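Trainee: Before we start, here is the structure in question, set down as structure tokens.
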Amino acid sequence: MSTSGRYEVRSEDAPKALGPYNQAVGLKGYPLLFVSGQIGIDPETGELVDGGVKGQTGQAIRNIRAILRAAGRDGASIVKTTIYLADIDDFTAMNEAYGEAIGSPYPARSCVGGCRLPKGALVEIEAIALLEDLRFERK
């Protein structure tokens, strides 16, 4: 843990960062984990998986889940994702694979198209997750 209260979360079951950033960062005293954008890299080979945008979407979600497991959480803790697509025409295929891989309860989500992504990836997904179960009462 650094003196700033930031700490990193790492998983050997997810690809190593491709640059000077962490797989995920939390803040001491705050129940949120910020997961860096994940592309469809197989952590064992270091290469993009086959299967086009569907295959890469599924792998990106698996990578996010591996990072969450390292923090003691699971996919149900995800409250927000942001998806970047190289080609917005892949939205329908990505959406189908995302729905299957992310599972319910579905988080809030944004999607942006027309992005140049690392390693020629077709999709990148970042996530924000809760690190603890919070209970809110509606008024």
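Trainee: Considering only segment 81-107, how many residues are under 17 Å from residue 68 (Cα atoms) and not hydroxyl-bearing (Ser, Thr, Tyr)?
Mentor: Adding up the residues that qualify gives 5.
Trainee: Of all residues in segment 74-107 being under 13 Å from the mean Cα position of the chain (by Cα) and assigned to a loop (DSSP other than H, G, I, E, B), which is modelled with the lowest pLDDT?
Mentor: 74
Trainee: Run down 42, 90, 74 and say which single residue is crowded, with 16+ Cβ neighbours inside 10 Å, among the charged types (D, E, K, R) and without any contact (Cβ under 8 Å) to a residue 40 or more places away in the chain.
Mentor: Exactly one residue qualifies, and that residue is 90.
Trainee: Say we look at segment 14-35 and pick out the residues that are of a type outside the set (S, T, N, Q) and under 13 Å from the mean Cα position of the chain (by Cα); which of these is nearest to residue 63 (Cα to Cα)?
Mentor: My answer is 14.
Trainee: Any residue that is in contact with a helix residue (DSSP H, G or I) (Cβ under 9 Å, 6 or more places away or on another chain), more than 10 Å from residue 123 (Cα to Cα), among the β-branched types (Val, Ile, Thr) and modelled with pLDDT of 95 or more - is there at least one of those in segment 50-58?
Mentor: No, there is no match, as no residue in segment 50-58 is in contact with a helix residue (DSSP H, G or I) (Cβ under 9 Å, 6 or more places away or on another chain), more than 10 Å from residue 123 (Cα to Cα), among the β-branched types (Val, Ile, Thr) and modelled with pLDDT of 95 or more.
Trainee: Moving to a separate point now. Can you tell me which residue is nearest to residue 130 (Cα to Cα) among those in segment 28-49 that are part of a strand (DSSP E or B) and among the small types (Gly, Ala, Ser)?
Mentor: Ranking the candidates gives 36 first.
Trainee: If you don't mind, another one. Going through 54, 80 one at a time, which residue ends up being basic (Lys, Arg), touching a residue at least 40 places away in the same chain (Cβ under 8 Å) and crowded, with 16+ Cβ neighbours inside 10 Å?
Mentor: Step by step, each of 54, 80 is checked, and only 54 is basic (Lys, Arg), touching a residue at least 40 places away in the same chain (Cβ under 8 Å) and crowded, with 16+ Cβ neighbours inside 10 Å.
The values are calculated or read from the model by the stated rules, or taken from the named source; none is laboratory data. Computed from a prediction, not measured in an experiment: that's the story for all the values here. Glycine also receives a Cβ, built like all others from the backbone with ideal geometry; neighbour counts cover every protein chain displayed.
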